[in-house]
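Below: the structure, in structure tokens.
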Amino acid sequence: MCGNQSGNATCCFVRDAAEGALRPVTPEGVTDAWPSPDGTGIVAWQAGRGYVLFPLAADELRPLPGLGPDDAIARWSPDGRAIWVWRRPGLAILVDRYDLATGQRQRLAEINPRNSIGVLGVRLTLADDPAVHGYQTWQALSHLFVVEVAPVP
């Protein structure tokens, strides 16, 4: 779980099931954390570093080059060897498989929302098959009126 204790910045913790004690497993300043399917690591955003893989059994973190602030994690791949990331550089939502061993990206899907007018934000959910997905958009719509004032006689 991720959160913050009073007076401290956000970090991620592991909870001991027997004792209930929390043990920090990331440094402070970590957000947007995604635990691996096998429970051996966490991919998270660390301020000043970008996306990083934090192995739970070791103290060595591993930066994930090629991922940046415009990328958002959708989920881990079913085999646990990659994460699926997405970004919205224009109207389309681009979904890539990011291989954790090589840092290589491979396009999995391009999702085109039916209505992109006034879209301010998107939330994406992917199933094990990236062709099965759901998304939610936030829109800002308004009306424009033209008012003509007749001259006073």
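The values are calculated or read from the model by the stated rules, or taken from the named source; none is laboratory data. What you see is a predicted model; the values in this text were computed from it and never measured. Using ideal geometry, Cβ is built from the backbone for each residue, glycine included, and neighbour counts are taken over all protein chains shown.
Taken together, the criteria place Leu124 among residues that are touching a Gly at 6+ places or on another chain (Cβ under 8 Å) and aliphatic (A, V, I, L, M). Tell me, yes or no, whether segment 102-112 has at least one residue that is touching a Ser or Thr at 6+ places or on another chain (Cβ under 8 Å) and not charged (D, E, K, R). Checked against the condition, which is being touching a Ser or Thr at 6+ places or on another chain (Cβ under 8 Å) and not charged (D, E, K, R), segment 102-112 yields no hits at all. Is there a residue being over 15 Å from the mean Cα position of the chain (by Cα), at pLDDT 85 or above and not charged (D, E, K, R) anywhere in segment 81-97? Looking for residues that are over 15 Å from the mean Cα position of the chain (by Cα), at pLDDT 85 or above and not charged (D, E, K, R), one finds none in segment 81-97, hence no. One residue stands out among those in segment 1-49 that are exposed (fewer than 11 other Cβ atoms within 10 Å of the Cβ) and among the acidic types (Asp, Glu): the one that is modelled with the highest pLDDT, which is Asp38. Specify which of the listed residues (Leu108, Leu144, Leu94) is over 30 Å from Arg62 (Cβ atoms) and without any contact (Cβ under 8 Å) to a residue 40 or more places away in the chain. On inspection, the qualifying residue turns out to be Leu144. Would you confirm, using the coordinates I've provided, whether Ser142 is more than 13 Å from the chain's Cα centre (by Cα), more than 29 Å from Thr10 (Cα to Cα) and surrounded by 10 or more Cβ atoms within 10 Å (Cβ to Cβ)? For Ser142, the condition - more than 13 Å from the chain's Cα centre (by Cα), more than 29 Å from Thr10 (Cα to Cα) and surrounded by 10 or more Cβ atoms within 10 Å (Cβ to Cβ) - is not met.
The set of residues in segment 45-85 being closer than 26 Å to Val119 by Cα and touching a residue at least 40 places away in the same chain (Cβ under 8 Å) consists of Ala72, Ile73, Ala74, Arg75, Ile83, Trp84.
Within segment 93-106, the residues that satisfy the criterion of being part of a strand (DSSP E or B) and crowded, with 16+ Cβ neighbours inside 10 Å are Ile93, Leu94, Val95, Asp96, Arg97, Tyr98, Arg105.
Taken together, Ala109, Ala74, Ala150 contain a single residue that is over 29 Å from Gly29 (Cα atoms), part of a strand (DSSP E or B) and modelled with pLDDT of 80 or more, which is Ala109.
Kindly indicate the residue of segment 79-92 that is part of a strand (DSSP E or B) and either touching a Pro at 6+ places or on another chain (Cβ under 7 Å) or not hydrophobic (A, V, I, L, M, F, W, C) (or both) and also surrounded by the most Cβ atoms within 10 Å (Cβ to Cβ) among those meeting that condition. Among those that are part of a strand (DSSP E or B) and either touching a Pro at 6+ places or on another chain (Cβ under 7 Å) or not hydrophobic (A, V, I, L, M, F, W, C) (or both), it is Trp84. Give me the residue from segment 50-59 that is farther than 15 Å from Trp76 by Cβ and at pLDDT below 90 and, out of that set, surrounded by the most Cβ atoms within 10 Å (Cβ to Cβ). Selected residue: Ala58.
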